[in-house]
Every structure is written in structure tokens, then in C-alpha cells.
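J.: Quick one: structure below, then a few questions.
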Amino acid sequence: MESSNAPGGAGGGRREATRQKLYEAAVTLIAEQGFSATTVDEIAERAGVAKGTVYYNFASKSVLFEELLRHGVGLLTASLREAAEGTAKEGGSRVDALDAMIRAGLVFIDRYPSFTQLYVAELWRTNRAWQSTLMVVRQEAVAVVEGVLREGVEGGELSDEIDVGLTASALVGMVLVAALDWKAFQPERSLDDVHAALSRLLQGRVSGNR
């Protein structure tokens, strides 16, 4: 089951479908009114299930949200990895792979804007029960970009002066913030247009091309 709000997964049967409904309800409500103001009763009502169903699948509202973050960022990481591997199979350069990952990130955010908004907001909060989980899944996403950058440096395609860790974080952050700005303030622009703008930035700043 897919949604423009919460990231969905393939397969998994009836329970997975129920969990997906709860993810969608939670991400929509929390985006609308905040985590603290959102109740389990509201999540159940929005999902069209009994309150007990929420607790059958998740021990608490916090656990539901933590699993939503883990699930969503995991899908983002997988899409980045697939983009990099697809470029490699086609014989593309490491810069081509980075560009493909930028596009994959934009496609993900275009599909799940509410989830992305929540994810970015949670990165700035340090007092949440799920903070350690969020840091782990964030690093998994950044590590995919780090791997491509490191290969580019080792292969002589990218400058060895690049700070791999910081550059990877900057690229991921650039896509997240630029995409949210696109959705909030420039929705008339196409995904291709936004990708082209970020691609030019990548070519000039990371690859060193003029």
C-alpha cells in the first residue's frame, strides 16, 4: 500500500498492510499537529482501526513513530544504494552516481513530503526517546554517499582534499532542504528542473568542473 505521506513497502500480508495504515495515519496527524498533540485514539480513527490494533502492532505511540522513522529512512537508504549500484552497472562515473543519488532522493521526497518534513524536524530535536535510532538510520543513509565519495577519491576521480564524511552529510542535507524549499515555496517547478539545479551545483563543487 502506497501513500504520498508515509513510505510503503512491498508485500508482508495483512499485518504489514495494517502497519502501513498506521504509518500513514501517524505521519499525517503528526505533520498536522505535532507529536505531543497527536493521540493513539486519533491515529486509530484516522487509520480506520480499533485502538487495540495500534497497541497490537506497536507498544506505544513513541514506538510507532520510531519504527516509522526507521522504516522510512531505510527506504530512502535503499533508493540511494540502488541509484549508485545502477550507475555502476551502466559504467557511469562516481560523480554520475552522486547525481543519480540526488535524483533518487528528490523522487523519494516528492513521493513522501510529509515524512520528509517530520524526519528533518526530528534531526534538530535531541530529547526524543528515538534519538539514538534516528542517528543510526541517518548514518546508514549518509554512509551510502560516503562510500561513493571515497571510491571517487581513491580512484582519482575526485580531489583527495575532500572531507568525505562532511561532504556526504552536506550532499544529503542539500537534497533534503532544497526539496522541502521546493515543495513549500516553489511547487510549480518540476522535479527535473530542481534536479538540474542541484546537478549543476554538484558538478561545480564536488567534481571541480567549471
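J.: Taking into account only those residues within region 108-145 that are farther than 23 Å from Val194 by Cα and open to solvent by less than 10 Å² (accessible area, probe 1.4 Å), which is modelled with the highest pLDDT?
T.: Out of the qualifying residues, it is Val137.
J.: Tally the residues that are among the aliphatic types (A, V, I, L, M), more than 9 Å from Ala141 (Cβ to Cβ) and touching a residue at least 40 places away in the same chain (Cβ under 8 Å), restricting the search to region 65-87. Give the steps one after another, and end with the answer.
T.: Kept after step one, since they are among the aliphatic types (A, V, I, L, M), are these residues of region 65-87: 68-69, 73, 75-76, 78, 80, 83-84.
From what's left, more than 9 Å from Ala141 (Cβ to Cβ): 68-69, 75, 78, 83-84.
Going one step further and asking which of them are touching a residue at least 40 places away in the same chain (Cβ under 8 Å), we end up with 68-69, 75, 84.
Of the residues in region 65-87, 4 are among the aliphatic types (A, V, I, L, M), more than 9 Å from Ala141 (Cβ to Cβ) and touching a residue at least 40 places away in the same chain (Cβ under 8 Å).
J.: Which of the numbered conditions does Gly156 fail, given that it passes all the others? Conditions: (1) at pLDDT 90 or above; (2) at negative phi.
T.: (2)
J.: Among Gly105, Gly72, Gly86, Gly92, which is the only one that is touching a Pro at 6+ places or on another chain (Cβ under 6 Å) and open to solvent by less than 30 Å² (accessible area, probe 1.4 Å)?
T.: On the way: Gly105 fails: touching a Pro at 6+ places or on another chain (Cβ under 6 Å); Gly86 fails: touching a Pro at 6+ places or on another chain (Cβ under 6 Å); Gly92 fails: touching a Pro at 6+ places or on another chain (Cβ under 6 Å).
From the options Gly105, Gly72, Gly86, Gly92, the qualifying one is Gly72.
J.: When you scan region 10-58 for helices (runs of 4 or more DSSP H) that lie fully inside it, which ones turn up with 2 or more residues that are over 22 Å from the mean Cα position of the chain (by Cα) and under 27 Å from Ser79 (Cα atoms)?
T.: On the way: elements: 13-33, 40-47, 51-57.
Correct list: 13-33.
Residues are listed down the side, and each one gets a yes or a no for (1) open to solvent by less than 20 Å² (accessible area, probe 1.4 Å); (2) modelled with pLDDT of 90 or more:
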| residue | (1), (2) |
| --- | --- |
| Glu2 | no, no |
| Tyr23 | yes, yes |
| Gln33 | no, no |
| Thr53 | no, yes |
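J.: Sticking with this structure for a sec: Go through region 105-126 residue by residue and tally those that are in a loop (DSSP other than H, G, I, E, B) and without any contact (Cβ under 8 Å) to a residue 12 or more places away in the chain. It would help to see each step written out before you state the result.
T.: Of all residues in region 105-126, those in a loop (DSSP other than H, G, I, E, B) come to 112, 124-126.
Now narrow it down to the ones that are without any contact (Cβ under 8 Å) to a residue 12 or more places away in the chain: 124-126.
Of the residues in region 105-126, 3 are in a loop (DSSP other than H, G, I, E, B) and without any contact (Cβ under 8 Å) to a residue 12 or more places away in the chain.
J.: Follow-up question, since we're still on this one. Before we move on, is Val148 within 25 Å of Val27 (Cα to Cα) and either modelled with pLDDT under 95 or in contact with a helix residue (DSSP H, G or I) (Cβ under 9 Å, 6 or more places away or on another chain) (or both)? Step through it out loud before you land on a result.
T.: Numbers: within 25 Å of Val27 (Cα to Cα): no; either modelled with pLDDT under 95 or in contact with a helix residue (DSSP H, G or I) (Cβ under 9 Å, 6 or more places away or on another chain) (or both): yes.
Spelling it out, it is not the case that Val148 is within 25 Å of Val27 (Cα to Cα) and either modelled with pLDDT under 95 or in contact with a helix residue (DSSP H, G or I) (Cβ under 9 Å, 6 or more places away or on another chain) (or both).
The values are calculated or read from the model by the stated rules, or taken from the named source; none is laboratory data. Since we're looking at a predicted model, the values are computed, not measured. Here the Cβ is made from the backbone with ideal geometry for all residues, glycine too, and neighbour counts use every protein chain on show. Please note that ligands, DNA and RNA were not included when accessible areas were found on the heavy atoms of the full protein model with its side chains. Shrake-Rupley method; radii C 1.70, N 1.55, O 1.52, S 1.80 Å.
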